[in-house]
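These notes are about the structure you will find just below.
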Amino acid sequence: MKLQILAIAILASTIGYGCSIATSQVRQPPVKEAALKVAQEGDRRWDNAQEAAFQLRSLAIRQKLAAEDLDKLDAWWRREKIGDPHKYLLPVILSRLSLGERYNRQHIWDILMKLARERPDLYHFRSVFDIRIFFLFRHKMPANVEADYRSMVESHRMKEWLETGTENHMFMQRVSGLALMDNSGWTVNDPATFSTIEAWLRSELNKFLTIGQGEFHSSTYYGYSIGGLLNLYDFARTPELRQLAKAGLDWYAANMALRLSWGTAGGAESRGFDRHTWDSGLTAVAWMWWGDEEVKSQKSKVKTKANTDIVEKMNNGNARLALLAGLSSYRPHPSLRQLARKEVPLPFLAKFSHPDYYSYHQDNRFWETFYVTKDYSLATLLEPKSSYQVKGTINAQYATYKLAIRDPKGEKNAVISLGGTYHNLMATGRSPGDRYVQGRSAVIYQLILNQQDLAANVPPRSHLVIPIRYGQPQRYKDWYIWQIEETWLLARPWGDKISLLAPVSERNKDYQALVASGNKTAWITDVARIADYPDFKRLTAALDRVVVDDREWEKQGKLAYTGLEGDKLVMTYAPNGGIGVASINGKPRVLQNWPVIESPYLREGLRSGVLEYRNPVGDSWSLRATLNSFQWD
């Protein structure tokens, strides 16, 4: 109990706005009790130990960001002519304000006003922090600062809230603006803007619950979109708007929890490739919600160990997203904690389908397979188009093969990529010609360059990229084998030449690549737990029992593999399409009408409008979209 009391005391003395009472401290107009109950339907409070650990994490993040030199940042953005200075200064300002009187508040307000004069436009990276500053500290700010916020809902500035951009841009700007308009108490001079943003948000959330998300599982941008929804959840006056925010946050949290791999964003991604441990935009928020500490409650005894050492290793650019979660009253459903921390029965296999980036009708355009055990997660992503664009496209930002291997110490997971090198030597992005098929632990990859590929200067090579700290591979017959933490990684490449590139480049000194060179390359990779194969001898004995069939590779572009888990994969290269012809365990791979999410724990049927969470050792719930609202069962 002592730690719980200490955490609450520290929070109360520093911020004056406990996260659990963030909205009430804003002096909002009264909201009907029954309506609030509807908006919060399905919420359950965390137990005391978990909440105490959350508060300690929040305090650690705020102290870290507040320690940045605000004056140096203020001089830096002007000197370097930074176009979005609020992105860097506002998190420091918000953190300092949250710590009571530790910092000179008048000086903070002066810097904020100087920013407002020199960079007055309302843009995404500003809005997500700015609106939280307003609501949390409205009654402590000078009159001139409040007047500037008031001008944001006047006619000459209202249209700025409707600006477009990428998905996370709109969630930050539009949703934060919606909160300001709904609960500032000031007259909104353009009610059509308010209605348009609400309609847009409803359509986005319906899209999530019917066909999925364009910026799916982005380790870079998830935290920004979540930040906009947190503003609406905490500060909207209208219960129906808070309900919209909660629906979006629950959807994001469930998807994060499913793929989270011990501090790394596991699974395929749109717009990101997380190689870190508790240090990406997505995992910074996940750490704030679920932490990595041991939390135990036994009757009246509460034992909590909040591992705030991670904060010191976290990049400030990611910590700023944990800040938004740490100052919010939103808590994911308690049952998601077990899934996020992988304290559910493992292994499990999941499948996902994703739409085109902005589309509301082009569903089933990307297909993801995800497999997770106690020691690793593995995912591949299929995309039907071969694009040679390098500008104005996000092809370079897809994670199409990601193997995340757990570090038992919880400090530095190993992350491996496999693919072509059209976009970079690290084998990330959707490279023209890439073809995959995945069972559970096993993957076949193929790359055969056609004349169009060669004309576009697609490099005749494919890379398996591995952290250099694990050294050179052991050899067994045609296999290259690494022992990585509690896991074996096995690779069987085909190409005119196989070589080791260490390091990958001057920029990527911490990584090495096994390189298959030639216009026709291929790989089989398989992954095994050391718990199942305790030594090299037993592993190689198992390899003697797998089946590799490459008799038709040279003439037909066909490979077959029956792997360590027993899955039989067969793939024939499709030279003019984005996806090979494949079968898994004798059944043709059919991609049409895949569910948005299919796993033992989380399910969402294509166009169903229902997200279902099933926990065999805890609570189950569902989120359903109706014509004009969202319901929790």
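The values are calculated or read from the model by the stated rules, or taken from the named source; none is laboratory data. Bear in mind the structure is a predicted one, so any value in this text is a computation, not a measurement. Here the Cβ positions follow ideal geometry from the backbone for every residue, glycine too, while neighbour counts run over all protein chains shown. Ligands, DNA and RNA are excluded from the accessible area calculation, which covers all protein heavy atoms including side chains. Shrake-Rupley method; radii C 1.70, N 1.55, O 1.52, S 1.80 Å.
Quick check on my filter: what residues within segment 455-474 are under 13 Å from Ser431 (Cβ atoms) and of a type in the set (Val, Ile, Thr)?
Val458, Val465
If you scan segment 140-183, which residues turn out to be of a type in the set (S, T, N, Q) and surrounded by fewer than 21 Cβ atoms within 10 Å (Cβ to Cβ)?
If the condition is that a residue be of a type in the set (S, T, N, Q) and surrounded by fewer than 21 Cβ atoms within 10 Å (Cβ to Cβ), then Asn144, Ser151, Ser155, Thr164, Thr166 are the ones that fit.
Residues are listed down the side, and each one gets a yes or a no for (1) surrounded by 19 or more Cβ atoms within 10 Å (Cβ to Cβ); (2) acidic (Asp, Glu); (3) over 16 Å from Tyr511 (Cα atoms); (4) touching a Cys at 6+ places or on another chain (Cβ under 9 Å):
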residue: Arg461; (1), (2), (3), (4): yes, no, yes, no
residue: Lys477; (1), (2), (3), (4): no, no, yes, no
residue: Gln483; (1), (2), (3), (4): no, no, no, no
residue: Leu490; (1), (2), (3), (4): yes, no, yes, no
residue: Pro493; (1), (2), (3), (4): yes, no, yes, no
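Any idea which of Tyr445, Tyr533 is in a loop (DSSP other than H, G, I, E, B) and open to solvent by less than 60 Å² (accessible area, probe 1.4 Å)?
Tyr533
Scan segment 234-245 for residues that are part of a helix (DSSP H, G or I) and open to solvent by 10 Å² or more (accessible area, probe 1.4 Å) and jot them down.
Hits for segment 234-245 are Pro239, Glu240, Arg242, Gln243.
Any residue in segment 398-419 that is crowded, with 17+ Cβ neighbours inside 10 Å and either over 29 Å from Phe348 (Cβ atoms) or free of Cβ contacts under 8 Å to residues at least 24 places away in the same chain (or both)?
Within segment 398-419 (the criterion being crowded, with 17+ Cβ neighbours inside 10 Å and either over 29 Å from Phe348 (Cβ atoms) or free of Cβ contacts under 8 Å to residues at least 24 places away in the same chain (or both)), the answer is no, since none of the residues qualifies.
For segment 170-179, does any single residue satisfy the condition of being modelled with pLDDT of 95 or more, polar (S, T, N, Q) and farther than 16 Å from Leu122 by Cβ?
Checked against the condition, which is being modelled with pLDDT of 95 or more, polar (S, T, N, Q) and farther than 16 Å from Leu122 by Cβ, segment 170-179 yields no hits at all.
Contact list please: Cβ distance under 7 Å, first residue in segment 157-170 and in a helix (DSSP H, G or I), second residue aliphatic (A, V, I, L, M) and open to solvent by less than 30 Å² (accessible area, probe 1.4 Å), pairs at least six apart or on different chains.
Arg157/Leu122; Glu160/Leu122; Trp161/Leu122; Trp161/Ile197; Leu162/Ile197
Checking Gly618 against (1) over 27 Å from Glu383 (Cβ atoms); (2) surrounded by fewer than 19 Cβ atoms within 10 Å (Cβ to Cβ); (3) touching a Leu at 6+ places or on another chain (Cβ under 6 Å): exactly one of these is not met. Which one?
Only one criterion in (1) over 27 Å from Glu383 (Cβ atoms); (2) surrounded by fewer than 19 Cβ atoms within 10 Å (Cβ to Cβ); (3) touching a Leu at 6+ places or on another chain (Cβ under 6 Å) is unmet by Gly618, namely (3).
Take the residues in segment 548-601 that are open to solvent by less than 70 Å² (accessible area, probe 1.4 Å) and polar (S, T, N, Q); name whichever of them is nearest to Glu368 (Cα to Cα).
Ser599
Pull out all pairs, ordered by first then second residue, where Cβ-Cβ is under 7 Å, the residues are six or more apart or on different chains, the first lies in segment 219-242 and is of a type in the set (Asp, Glu), and the second is crowded, with 24+ Cβ neighbours inside 10 Å.
Between residues of segment 219-242 that are of a type in the set (Asp, Glu) and residues that are crowded, with 24+ Cβ neighbours inside 10 Å, the close pairs are Asp234/Ser328.
Can you work out which of the residues in segment 250-279 that are basic (Lys, Arg) and over 18 Å from Leu336 (Cα atoms) is modelled with the highest pLDDT?
My answer is Arg275.
For Ala67, all conditions in the list (1) of a type in the set (A, V, I, L, M, F, W, C); (2) in contact with a Lys or Arg (Cβ under 7 Å, 6 or more places away or on another chain); (3) open to solvent by 70 Å² or more (accessible area, probe 1.4 Å) hold save one; what is the number of the exception?
Going through the list (1) of a type in the set (A, V, I, L, M, F, W, C); (2) in contact with a Lys or Arg (Cβ under 7 Å, 6 or more places away or on another chain); (3) open to solvent by 70 Å² or more (accessible area, probe 1.4 Å), Ala67 breaks only (2).
Given (1) open to solvent by less than 10 Å² (accessible area, probe 1.4 Å); (2) more than 23 Å from Thr369 (Cα to Cα); (3) assigned to a loop (DSSP other than H, G, I, E, B), identify the lone condition not met by Trp287.
Condition (3) is where Trp287 drops out.
Taking Ile498 as the residue in question, decide whether it is over 28 Å from the mean Cα position of the chain (by Cα) and part of a strand (DSSP E or B).
Spelling it out, Ile498 is indeed over 28 Å from the mean Cα position of the chain (by Cα) and part of a strand (DSSP E or B).
I'm trying to understand the selection: among the residues of segment 506-521, which are open to solvent by 30 Å² or more (accessible area, probe 1.4 Å), in contact (Cβ under 8 Å) with a residue 24 or more places away in the chain and not in a strand (DSSP E or B)?
Asn508, Lys509, Asp510, Asn519
Of all residues in segment 594-627, count the ones that are at pLDDT 95 or above, out of contact with any Asp or Glu (no Cβ under 9 Å at 6 or more places or on another chain) and not in a loop (DSSP other than H, G, I, E, B).
0
Quick grid of which residues meet (1) modelled with pLDDT of 95 or more; (2) more than 21 Å from Gly214 (Cβ to Cβ):
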| residue | (1), (2) |
| --- | --- |
| Ala322 | yes, yes |
| Arg331 | yes, yes |
| Arg341 | yes, yes |
| Lys351 | yes, no |
| Tyr357 | no, no |
| Phe366 | yes, no |
| Ser387 | no, no |
| Lys391 | no, no |
| Leu403 | yes, yes |
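In this structure, does Phe194 turn out to be without any contact (Cβ under 8 Å) to a residue 24 or more places away in the chain and either aromatic (Phe, Trp, Tyr) or in contact with a strand residue (DSSP E or B) (Cβ under 6 Å, 6 or more places away or on another chain) (or both)?
So Phe194 passes the test.
Among the residues of segment 555-588, write down those that are of a type in the set (D, E, K, R) and within 19 Å of Ala491 (Cα to Cα).
Correct list: Lys558, Glu565, Asp567, Lys568.
One line per residue, one yes/no per condition, for (1) assigned to a helix (DSSP H, G or I); (2) within 28 Å of Asp292 (Cα to Cα); (3) not charged (D, E, K, R):
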residue: Ser359; (1), (2), (3): no, no, yes
residue: Thr369; (1), (2), (3): no, yes, yes
residue: Leu425; (1), (2), (3): no, no, yes
residue: Pro432; (1), (2), (3): no, no, yes
residue: Arg440; (1), (2), (3): no, yes, no
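Of all residues being within 32 Å of the chain's Cα centre (by Cα) and among the polar types (S, T, N, Q) in segment 88-104, which is surrounded by the most Cβ atoms within 10 Å (Cβ to Cβ)? Just the residue, please.
Ser98
Taking the condition of being closer than 23 Å to Arg275 by Cβ and either surrounded by fewer than 18 Cβ atoms within 10 Å (Cβ to Cβ) or without any contact (Cβ under 8 Å) to a residue 40 or more places away in the chain (or both), how many residues in segment 463-475 meet it?
Counting residues in segment 463-475 that are closer than 23 Å to Arg275 by Cβ and either surrounded by fewer than 18 Cβ atoms within 10 Å (Cβ to Cβ) or without any contact (Cβ under 8 Å) to a residue 40 or more places away in the chain (or both) gives 5.
Quick check on my filter: what residues within segment 195-233 are among the aromatic types (Phe, Trp, Tyr) and either open to solvent by less than 40 Å² (accessible area, probe 1.4 Å) or modelled with pLDDT under 95 (or both)?
Those that are among the aromatic types (Phe, Trp, Tyr) and either open to solvent by less than 40 Å² (accessible area, probe 1.4 Å) or modelled with pLDDT under 95 (or both): Trp200, Phe208, Phe216, Tyr222, Tyr224, Tyr233.
With (1) touching a Ser or Thr at 6+ places or on another chain (Cβ under 8 Å); (2) within 28 Å of Leu209 (Cβ to Cβ); (3) not β-branched (Val, Ile, Thr) as the list, and Leu336 as the residue in question, which single condition is left unmet?
(1)
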